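Working notes, beginning with the structure itself.
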Amino acid sequence: MAVNKKRFDVSGLMQSKVTWAVIAEALILLVCFIIRPDFFSISYQPSTGMLYGSLIDIVNRSAEITIISMGMTLVIALGGTDLSVGALVAVAGAIALKFLRWDVLTYTTPGDYTVYPYILVIAVPLIVCALMGLFNGFLVAKGGIQPIIATLILMVCGRGVAQILTDGKQFTTGYSPFRVIGQGSFLCLPMPIIITIIVVIAVALFTRKTAFGAFVESVGVNPSASRLSGIKAGSVILIVFMITGLLSGIAGLIYSSRIMSNDSNNAGLNFEMDAILAVVIGGTNMAGGRFSLTGTIVGSLIIRTIVTFVYYFGIVAEATMAFKALIIAVVIVLQSEPVRRYFARKAALRQGGAR
Amino acid sequence: MTAKTNKQTLFTRLTNPKYIMVYATIGIFLVIYAAGGFLYGDKGFLTVRTFVNLFIDNAYFGISAVGMTMVLITGGIDLSVGAVASLTGMFIAYGTSVLHLHPMTCIAAALVMGVGLGLLMGWVIHYLNVPAFITTLTGMFLARGVCSLISRESIDIKHPMFDALAGWKVYLMKYSGGEWVKIKPIAFVNFNVLLFLIMILIGAFILQRTRFGRNIYAIGGNEQSASLMGLPVGRTKVLVYGFNGLCSVLAGISYALYVKSGWNLSLQGGELEVITCAVIGGTLLTGGVGYMIGTLFGVLLKSVIPALITFNGNLLSWWGKIATGMLLLLFICIQRFVVTSSARKRT
């Protein structure tokens with residue numbers, strides 16, 4: 001390694017977990033490029049006005065996880081975990097489809113119509129998901145319950161709620177404004193990417209341009225000390241869980257718009273796991289404290305790149321998990337405390353030797 | 001004098017606030033069971049057969065819950081149990097039906113795999129300081145992925161020895177008219193139920209009567225103090241995850257005996273069912289508190305709800321999930337109350 005020639009603080013960079021995440025993503029993409037040189041090609045389709053290509057596809061398909069993991073980053077920075085996000089994705093889809101079709105006995109064929117005003121189709125799922133997030137936050141902040149257990153409740157019964165809302169049925173719809181959310185395009189880019197960008201910017205502005213991000217980190221490191229220094233830890237927790245609920249709702253709308261249907265069994269399945277992984281790969285410590293939104297985005301992209309990689313090269317779809325596990329294991333081990341300390345010490349030694 | 005103190009200690013031991021959670025679990029189970037008997041007694045809810053079926057239908061969850069309880073007491077978590085159990089089923093199914101191996105060979109291979117993975121995850125958690133949640137999640141992905149690599153279709157298990165083991169049952173008898181007759185409606189105990197009860201006993205013995213068990217509680221209470229006291233924290237944690245791996249494999253064998261097939265997507269979400277069993281059995285996820293008897297009743301409590309819904313016949317099975325969620329909420333609130341009140345007493 002050309003460590004000596006570089007002027008900036010290499011040991012600091014080596015210790016940064018985000019660096020490892022970026023290196024991992026670059027390596028996976030490099031492997032993709034070596035095996036299939038056309039992996040990076042992007043083409044323009046005039047008929048749909050959209051850009052196509054594996055890279056676009058990766059970003060597009062990672063939208064739901066990226067959006068959810070923005071909220072998850074904040075929850076993990078508080079030292080918690082939200083297990084209910086996957087179930088909330090299912091709830092959002094179920095409510096949206098319920099409003100679009102309402103009563104399948106009267107509206108027997110799915111078509112380009114909505115029974116209730118479109119604004120309700122969008123707003124009600126988001127509000128319900130935000131309220132469910134608030135419920136999680138209430139249990140954590142006011143009840144003093146560990147987040148992982150508090151959110152386990154909604155994770156267990158959320159899908160049940162979604163099923164009962166739609167009487168255990170699967171509705172489909174053909175309402176075109178609803179299709180736009182998941183399959184439309186804007187500025188040549190798929191709509192989910194645009195929504196993701198908006199969400200990322202909004203969360204970044206909210207946490208980095210106001211003091212809220214610092215509050216979250218402070219509560220994550222030491223709740224009592226934050227309370228003593230005048231931060232309302234309870235409100236911070238409530239807001240963070242509500243944001244995560246709301247973002248899960250947005251992801252749920254995108255998901256159900258992609259399939260133009262509600263699938264309470266499989267919508268958002270394992271999303272909580274993927275989102276938590278994205279955050280951890282991105283370098284946010286599960287014990288709470290400092291968080292990195294950039295790292296989370298990279299983490300989410302890594303997960304999706306692995307999946308696309310596996311699809312692209314014709315490996316059995318269900319085996320994705322094994323590959324995911326191997327790559328994540330490597331990233332986690334590289335990021336783990338002892339290994340990073342070892343690398344940092346080595347880098348420091350080399351620098352010392354050069355001097 | 002000595003007898004009196006002994007009596008007092010027994011009484012104080014039984015009324016110790018740390019047992020409140022276990023009593024709550026047993027109490028709520030009895031209430032729900034009695035309510036079921038009141039509502040559906042005429043349909044046979046109170047028969048021995050229904051009660052034994054609670055064990056037969058949930059033995060694999062119970063077996064896994066034994067290991068999970070220990071992991072939770074150390075303050076950790078293991079999300080890989082469902083996938084490892086599923087992989088065990090795949091090993092047995094693929095090994096006997098496709099590779100024509102003896103089931104015992106497959107079981108041995110599964111044991112090596114499960115215990116090995118458990119030990120490895122424990123090692124990563126303790127020595128590399130990676131959160132248990134993430135490590136075991138990776139383990140879950142790995143096991144699930146390998147399941148799918150072996151086969152994407154459900155494979156039937158057909159082997160005379162395996163069939164014999166799955167079909168082995170002991171009918172419950174009663175003594176009437178000078179001879180033993182099978183009780184009606186016919187109820188029996190099979191290998192899974194025995195394995196479940198034996199594992200609960202082994203688990204209780206390890207936790208209450210061995211040094212290893214005491215170390216588990218000490219680590220869950222406060223890992224730093226345990227380490228400062230010179231307890232083998234690392235070794236204990238690694239072994240607990242190894243033991244949990246063993247329980248997952250046994251649960252997988254039990255599930256394979258129950259459904260007589262292996263499927264790569266079987267027991268999906270099983271890990272959360274198992275954790276729910278342990279939590280409604282009074283195990284604290286913060287660590288340090290938990291009893292096998294509580295877990296036993298946690299499994300029964302969780303399984304009595306679907307039984308009630310089946311007896312009702314009109315409800316969507318999804319209400320079961322909602323009811324389980326509500327139970328979880330109730331228990332968490334009780335736990336919270338117990339913890340805060342005992343903390344107040346201490347100060």
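The values are calculated or read from the model by the stated rules, or taken from the named source; none is laboratory data. What you see is a predicted model; the values in this text were computed from it and never measured. Because the Cβ atoms are built from the backbone with ideal geometry, glycine has one as well, and the counts that use them run over all protein chains shown. Only protein heavy atoms, including side chains, enter the accessible area calculation; ligands, DNA and RNA are left aside. Shrake-Rupley method; radii C 1.70, N 1.55, O 1.52, S 1.80 Å.
Could you pull out the residue among A:Pro110, A:Pro190, A:Pro117 that is away from chain B (no Cβ under 14 Å) and surrounded by fewer than 16 Cβ atoms within 10 Å (Cβ to Cβ)?
Working: A:Pro110 fails: surrounded by fewer than 16 Cβ atoms within 10 Å (Cβ to Cβ); A:Pro190 fails: surrounded by fewer than 16 Cβ atoms within 10 Å (Cβ to Cβ).
It is A:Pro117.
Please go through the range A:298-339 and give me each residue that is more than 10 Å from chain B (Cβ to nearest Cβ) and of a type in the set (Lys, Arg), ordered by number.
Once the filter is applied, which keeps residues that are more than 10 Å from chain B (Cβ to nearest Cβ) and of a type in the set (Lys, Arg), the range A:298-339 yields only A:Arg304.
Being small (Gly, Ala, Ser) and within 14 Å of chain B (Cβ to nearest Cβ) is the filter; apply it to the range A:153-181 and report the residue that is nearest to A:Pro125 (Cα to Cα).
Initial filter on the range A:153-181 (small (Gly, Ala, Ser)): A:158, A:160, A:162, A:168, A:174, A:176.
Adding the requirement that they be within 14 Å of chain B (Cβ to nearest Cβ) leaves A:158, A:160, A:162, A:168.
Details: A:Gly158: 13, A:Gly160: 16, A:Ala162: 11, A:Gly168: 18 Å.
Across the range A:153-181, the extreme among qualifying residues is A:Ala162.
Being touching a residue at least 24 places away in the same chain (Cβ under 8 Å) and away from chain A (no Cβ under 13 Å) narrows it down to one residue among B:Gly313, B:Gly294; which is it? Give the derivation first.
On the way: B:Gly313 fails: touching a residue at least 24 places away in the same chain (Cβ under 8 Å).
One residue alone meets the criteria, B:Gly294.
Select from the range A:140-152 the residues that are open to solvent by 10 Å² or more (accessible area, probe 1.4 Å) and touching a residue at least 12 places away in the same chain (Cβ under 8 Å) and write down the one among them that is farthest from the other protein chains (Cβ to nearest Cβ).
Looking at the filtered set, the residue picked out is A:Ala141.
Across the range A:340-351, which residue is farthest from the chain's Cα centre (by Cα) among those that are within 14 Å of another protein chain (Cβ to nearest Cβ) and open to solvent by 100 Å² or more (accessible area, probe 1.4 Å)?
Keep residues of the range A:340-351 that are within 14 Å of another protein chain (Cβ to nearest Cβ), which gives A:340-343.
Now drop any that are not open to solvent by 100 Å² or more (accessible area, probe 1.4 Å), which leaves A:341-342.
On the way: A:Arg341: 29, A:Tyr342: 31 Å.
Looking at residues that are within 14 Å of another protein chain (Cβ to nearest Cβ) and open to solvent by 100 Å² or more (accessible area, probe 1.4 Å), I get A:Tyr342.
Only one of these is over 30 Å from A:Gly220 (Cα atoms) and out of contact with any strand residue (DSSP E or B) (no Cβ under 6 Å at 6 or more places or on another chain): A:Leu326, A:Leu349, A:Leu301, A:Leu293. Name it. Give the steps one after another, and end with the answer.
On the way: A:Leu326 fails: over 30 Å from A:Gly220 (Cα atoms); A:Leu301 fails: over 30 Å from A:Gly220 (Cα atoms); A:Leu293 fails: over 30 Å from A:Gly220 (Cα atoms).
Only one candidate passes the filter, namely A:Leu349.
Which pairs have Cβ atoms under 7 Å, sit 6 or more apart or on different chains, and link a residue in the range B:259-281 that is within 12 Å of chain A (Cβ to nearest Cβ) to one that is charged (D, E, K, R) and open to solvent by 30 Å² or more (accessible area, probe 1.4 Å)?
Here the result reads B:Asn264/A:Glu318; B:Asn264/B:Arg152, each pair linking the range B:259-281 to a residue that is charged (D, E, K, R) and open to solvent by 30 Å² or more (accessible area, probe 1.4 Å).
Mind checking whether some residue in the range B:220-231 is away from chain A (no Cβ under 14 Å) and open to solvent by less than 20 Å² (accessible area, probe 1.4 Å)?
Yes, because at least one residue in the range B:220-231 is away from chain A (no Cβ under 14 Å) and open to solvent by less than 20 Å² (accessible area, probe 1.4 Å).
Do any residues in the range B:325-337 that are touching a residue at least 24 places away in the same chain (Cβ under 8 Å) have Cβ atoms under 8 Å from those of residues that are buried (at least 21 other Cβ atoms within 10 Å of the Cβ) and among the polar types (S, T, N, Q), where the two are at least six apart or on different chains, and which pairs are they?
Close Cβ pairs satisfying both conditions: B:Leu328/B:Thr276; B:Phe331/B:Thr25.
State whether the residues of the range B:302-310 include one that is in contact with a Ser or Thr (Cβ under 6 Å, 6 or more places away or on another chain), crowded, with 16+ Cβ neighbours inside 10 Å, away from chain A (no Cβ under 14 Å) and not charged (D, E, K, R).
The answer is no; no qualifying residue exists.
Could you check, for the range B:292-300, whether at least one of its residues is touching a Gly at 6+ places or on another chain (Cβ under 7 Å) and either open to solvent by 60 Å² or more (accessible area, probe 1.4 Å) or part of a loop (DSSP other than H, G, I, E, B) (or both)?
no
Restricting attention to helices (runs of 4 or more DSSP H) lying wholly within the range B:62-159, give those where 1 or more residues are crowded, with 23+ Cβ neighbours inside 10 Å and away from chain A (no Cβ under 13 Å).
Values: elements: B:81-97, B:103-127, B:132-150.
Result: B:81-97, B:103-127.
Hey, can you tell me all the residues within the range A:168-225 that are in contact with a strand residue (DSSP E or B) (Cβ under 6 Å, 6 or more places away or on another chain), modelled with pLDDT under 85 and not polar (S, T, N, Q)?
A:Cys188
Can A:Leu30 be described as at pLDDT 80 or above and farther than 27 Å from A:Ile195 by Cα? Steps first, please.
Numbers: at pLDDT 80 or above: yes; farther than 27 Å from A:Ile195 by Cα: yes.
In short, yes.
Name the residues in the range B:34-44 that are of a type in the set (Phe, Trp, Tyr) and either open to solvent by less than 40 Å² (accessible area, probe 1.4 Å) or in contact with a helix residue (DSSP H, G or I) (Cβ under 6 Å, 6 or more places away or on another chain) (or both), would you? Talk me through it step by step, then tell me what you get.
We begin by selecting, within the range B:34-44, every residue of a type in the set (Phe, Trp, Tyr); these are B:38, B:40.
The one that is of a type in the set (Phe, Trp, Tyr) and either open to solvent by less than 40 Å² (accessible area, probe 1.4 Å) or in contact with a helix residue (DSSP H, G or I) (Cβ under 6 Å, 6 or more places away or on another chain) (or both): B:Tyr40.
For the structure I just gave you, tell me whether B:Ser248 is in contact with a Gly (Cβ under 7 Å, 6 or more places away or on another chain) and among the polar types (S, T, N, Q). Even if it seems obvious, please write down each step before you answer.
On the way: in contact with a Gly (Cβ under 7 Å, 6 or more places away or on another chain): yes; among the polar types (S, T, N, Q): yes.
The answer is yes for B:Ser248.
Condition check: closer than 24 Å to A:Gln146 by Cβ, in a helix (DSSP H, G or I) and not β-branched (Val, Ile, Thr). Does B:Leu257 satisfy that? Please lay out each step first, then the result.
Values: closer than 24 Å to A:Gln146 by Cβ: no; in a helix (DSSP H, G or I): yes; not β-branched (Val, Ile, Thr): yes.
When the stated conditions are applied, B:Leu257 does not pass them.
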